[in-house]
Ligand SMILES: C[S@@+](CC[C@H](N)C(=O)[O-])C[C@H]1O[C@@H](n2cnc3c(N)ncnc32)[C@H](O)[C@@H]1O
């Protein structure tokens with residue numbers, strides 16, 4: 001039997017070279033991707049610091065924001081969120097506010113009612129009694145401020161369990177809100193979180209001039225809720241525009257045509 005002629009040595013080594021080159025390219029690509037991720041984080045941190053400065057400058061002259069102490073970390077709102085919420089309250093002066101998720105944002109909304117616009121109304125929804133117990137004593141009180149404890153109800157969406165506040169439509173009745181802050185219940189890891197806003201649109205609880213703020217708009221679940229909100233508005237032939245702001249977290253704003261200027265505040 002004849003032996004097969006062996007592969008020429010040069011061909012084999014060039015194949016090996018190719019494998020080595022490919023490995024190197026892949027390693028470089030991975031390093032580059034990791035660096036890009038770090039760069040994006042740094043950029044977001046920088047934006048966050050800038051919003052912190054803007055907030056501190058903006059609050060200094062405020063006649064209504066008397067308590068200017070915020071703890072903007074962990075699950076709370078971040079600086080880009082608090083800054084634009086402050087500007088919206090200050091410049092747009094909403095008359096009927098619905099806030100999902102009690103916390104740092106509520107330090108702003110409650111002071112707005114008490115010291116800036118006592119004719120306006122604020123309804124806050126919170127599922128955690130412990131959270132209400134911790135936070136409520138820190139907040140100013142007023143006959144137009146209501147902190148509502150609502151249980152959660154559960155539903156499946158794309159084979160995942162989601163939750164939302166129960167009994168919301170009964171609570172709000174036929175009220176029309178011109179500012180809705182969507183930051184509760186706890187959103188992470190769900191694929192249709194914080195979906196009460198969809199029920200409100202269907203039920204006709206949106207004022208003609210409106211601003212809806214979604215926190216955590218960088219998350220896939222929240223993106224679904226935002227897309228569905230846009231679809232619900234289109235279904236009702238309500239004209240709107242969407243814009244985003246971000247620091248270490250991202251917010252999406254859906255606004256009526258009359259409130260598009262909020263993007264420039
Ligand atoms: C994302 S938080 C935001 C609440 C509020 N808008 C703020 O700016 O702080 C949403 C919900 O998470 C819960 N929560 C917030 N911080 C928490 C904490 N440190 N431990 C447990 N639950 C928390 C509360 O029930 C709250 O309604």
ask   = Just wondering, is there one or more residues in the range 216-239 that are more than 14 Å from the chain's Cα centre (by Cα), within 13 Å of the ligand (Cβ to nearest atom) and in contact (Cβ under 8 Å) with a residue 12 or more places away in the chain?
value = no
inquiry  = Restricting to the range 178-209, and then to whatever is part of a strand (DSSP E or B) and either away from the ligand (no atom under 16 Å from the Cβ) or free of Cβ contacts under 8 Å to residues at least 40 places away in the same chain (or both), can you tell me which residue is surrounded by the fewest Cβ atoms within 10 Å (Cβ to Cβ)?
reply    = 208
message = Can you tell me which condition residue 65 does not meet? The list is (1) farther than 20 Å from residue 216 by Cβ; (2) exposed (fewer than 14 other Cβ atoms within 10 Å of the Cβ), and all the others hold.
response = (2)
ask   = Among the residues of the range 35-82, how many are touching a strand residue (DSSP E or B) at 6+ places or on another chain (Cβ under 8 Å) and either in a loop (DSSP other than H, G, I, E, B) or under 21 Å from residue 180 (Cβ atoms) (or both)?
value = 2
message = Suppose we filter 127, 115 for residues that are surrounded by 20 or more Cβ atoms within 10 Å (Cβ to Cβ) and over 30 Å from residue 237 (Cβ atoms); which single one remains?
response = 127
request  = Would you mention how many residues in the range 94-111 are away from the ligand (no atom under 13 Å from the Cβ) and buried (at least 19 other Cβ atoms within 10 Å of the Cβ)?
outcome  = 3
query = In the range 112-130, how many residues are away from the ligand (no atom under 14 Å from the Cβ) and out of contact with any helix residue (DSSP H, G or I) (no Cβ under 6 Å at 6 or more places or on another chain)?
reply = 8
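Rule-based calculations on the coordinates, nothing more; no lab input. All of these numbers come straight from a predicted model, not from anything done at the bench. Cβ coordinates were reconstructed from backbone atoms using ideal geometry, including for glycine residues, and neighbour counts include every protein chain displayed.
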